[in-house]
Every structure is written in structure tokens, then in C-alpha cells.
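The values are calculated or read from the model by the stated rules, or taken from the named source; none is laboratory data. Keep in mind the model is a prediction, meaning the values are calculated, not measured. Every residue, glycine as well, gets a Cβ built from its backbone with ideal geometry; the counts of neighbours run over all protein chains shown. SASA here: full protein model, heavy atoms, side chains in, ligands and nucleic acids out. Shrake-Rupley method; radii C 1.70, N 1.55, O 1.52, S 1.80 Å.
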Amino acid sequence: MNSPKRYTLGGWLPPLTNPSDPDYCEFGCPICRRARAGNRLARLAQRIELLLTRGGCPWGRARQEKYGVPPDQPLPLASDSAGEPAEKTQNKP
């Protein structure tokens, strides 16, 4: 995954000229980031948004296309070539 991008005003100003930027949902959106981190109020706002827009905002839909995960779920752990999570391969002798 790419390094986190920086967005204007800490993400409160979305990139309106690029509605297909999946990294905004991942690294910039103040609602989605906080909802994935477990903030109850943000999770409620995100659920309402998902219901009203039938799949989320354009950046959330772009995130789902790029990463294969809906905006309300965290990205899966990266796996190695054997299919095991990357964290477990570091602990093997």
C-alpha cells in the first residue's frame, strides 16, 4: 500500500476535482478513518451515509474498487507468497 497522502485541512476538505481517489477514503476522510478506528459517532454517520448513497461516497466506492473492501471495513493484512499474514512470517525461525 502507498504511503499516506496529506489532504487539505486534515481531510475536512475533500479532493472535489478527483472523485475517484481511493486514498482519500483510506487516509483523508475524517468520517471513514474515525469509523474504522472504532469511533461510535463516526460509525453511525458512516452507516447513515452508506444507506443514503447505496454504497458510500465516490471516494468510498473507489476504495472498494481498488482494495476490494467497503469503506466501513479495514484493509486486510498483507500476506506473503504462502498466503500467511506478513506478521507471522517474521516470527518464524
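Of note:
- Carbon and sulfur %, accessible surface of the range 1-56 computed with the full protein complex present, 1.4 Å: 57
- Pairwise FRET efficiency - ARG6 versus THR53, Cβ, R0 = 41 Å, nearest 0.05: 0.95
- Heavy atoms of CYS57: accessible area, 1.4 Å probe, square angstrom to 10: 20
- Extension gain, LEU13 back to VAL69 (0.36 nm per residue minus Cα-Cα distance, nm): 17.8 nm
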